[in-house]
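Heads up, the thing below is written out as structure tokens.
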Amino acid sequence: MLKDKKIVIMGVVNKASIAWGCAKAMNDCGATVIYTYQNDRVKKQLEKLVGTEANLVECDVATDEQVEEAFNQIHKTYGTIDGLVHSIAFARKEELGGNVFDSTREGFAIAHDISSYSLLLVSRYASKIMNPGGSIITMTYIGSERAIANYNIMGLAKASLEAAVRYLALDLAKQDIRVNAISSGAIKTLAASGIKGFNALLDEQAARTPSGKQVTTEEVGNTAAFLMSDMSRGIVGEIIYVDKGTHMT
């Protein structure tokens, strides 16, 4: 399904990462995957998963210059690309609990910078080297539209991210590049572990699904692979729920 396509995946940290589920699915579908990593510590973890011979490029989305350099390097080394998976989010642990009105100005800015603005930034440079018919996707969560206990500032950042998807979809349609988001159910990732009471949230959300089961990174990855493929060319500016039906209840 993705034979001859080159996909940049941002956000793989370990085997529990949603981005890792995406990478595995896209590899299985025949894509050439290019991984970005934040720093040397993350690179070492990533190499344990993919090996030292994998396509690895350093990219810290907190730095404009490094994002530009990363995509210049990708273009120089691999040529044009066909897709981008943005699976990056961050909020300080102290912002993920208690009352949302106790969030700090700095914490608000950091969460929105890394979790939302970074999509705009990487899309700016990815779109310059992306083939017509390309696809950009990002990862969101239902906390963007519902008040989820302790999700707090990240819920606000995800709402911003979803708005960014729609505006990017409008802008990049001129280049025949589509932009969408996957709203995943709760998954125990490294990032999610910082949310107070997250284990209870996992159980509660699983109980709300028609099947009584939690969604997996494999299921999210399969949907991401579809959105990277030509079979999804009619889907633009959408939030696709991959949450076992949690959003219905």
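The values are calculated or read from the model by the stated rules, or taken from the named source; none is laboratory data. The structure displayed is predicted, hence computed values, not measured ones. Positions of Cβ are backbone-derived with ideal geometry, glycine not excepted, and every protein chain shown enters the neighbour counts. Note: accessible area is taken over every heavy atom of the protein model, side chains too, but ligands, DNA and RNA are not part of it. Shrake-Rupley method; radii C 1.70, N 1.55, O 1.52, S 1.80 Å.
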Taking segment 58-70 as the region of interest, how many residues are among the acidic types (D, E) and open to solvent by less than 60 Å² (accessible area, probe 1.4 Å)? 1
Does E218 satisfy being out of contact with any Cys (no Cβ under 9 Å at 6 or more places or on another chain), in a helix (DSSP H, G or I) and modelled with pLDDT under 80? no
Residue ID - least open to solvent (accessible area, probe 1.4 Å), chosen from residues in segment 71-110 that are in contact (Cβ under 8 Å) with a residue 60 or more places away in the chain and among the charged types (D, E, K, R): D82
Whether any residue in segment 159-177 is touching a residue at least 40 places away in the same chain (Cβ under 8 Å), basic (K, R), crowded, with 23+ Cβ neighbours inside 10 Å and touching a Gly at 6+ places or on another chain (Cβ under 8 Å) is what I want to check. no
Six or more apart or on different chains, Cβ under 8 Å: which pairs go from a residue in segment 221-243 that's on the phi > 0 side of the Ramachandran plot to one that's part of a strand (DSSP E or B)? Could you list them? G237/R178; G237/V179; G237/N180
Go through segment 5-24 residue by residue and tally those that are open to solvent by 40 Å² or more (accessible area, probe 1.4 Å) and modelled with pLDDT under 95. 2
Residue ID - surrounded by the most Cβ atoms within 10 Å (Cβ to Cβ), chosen from residues in segment 25-57 that are in contact (Cβ under 8 Å) with a residue 40 or more places away in the chain and farther than 22 Å from F71 by Cα: A25
Report the residue count in segment 152-185 for those that are in a helix (DSSP H, G or I) and under 22 Å from W20 (Cα atoms). 5
Residues in segment 131-151: is at least one assigned to a helix (DSSP H, G or I), in contact with a strand residue (DSSP E or B) (Cβ under 6 Å, 6 or more places away or on another chain) and buried (at least 22 other Cβ atoms within 10 Å of the Cβ)? no
Which helices (runs of 4 or more DSSP H) does segment 9-97 wholly contain that include 3 or more residues that are within 14 Å of the chain's Cα centre (by Cα)? 18-28
Please find, among S127, S115, the residue that is buried (at least 22 other Cβ atoms within 10 Å of the Cβ), in a helix (DSSP H, G or I), polar (S, T, N, Q) and modelled with pLDDT of 95 or more. S115
Residue check, S183 open to solvent by 20 Å² or more (accessible area, probe 1.4 Å), within 15 Å of the chain's Cα centre (by Cα) and over 18 Å from I81 (Cβ atoms): no
I'd like to check something: does segment 48-63 contain any residue that is of a type outside the set (K, R), under 24 Å from A147 (Cα atoms) and modelled with pLDDT of 95 or more? no
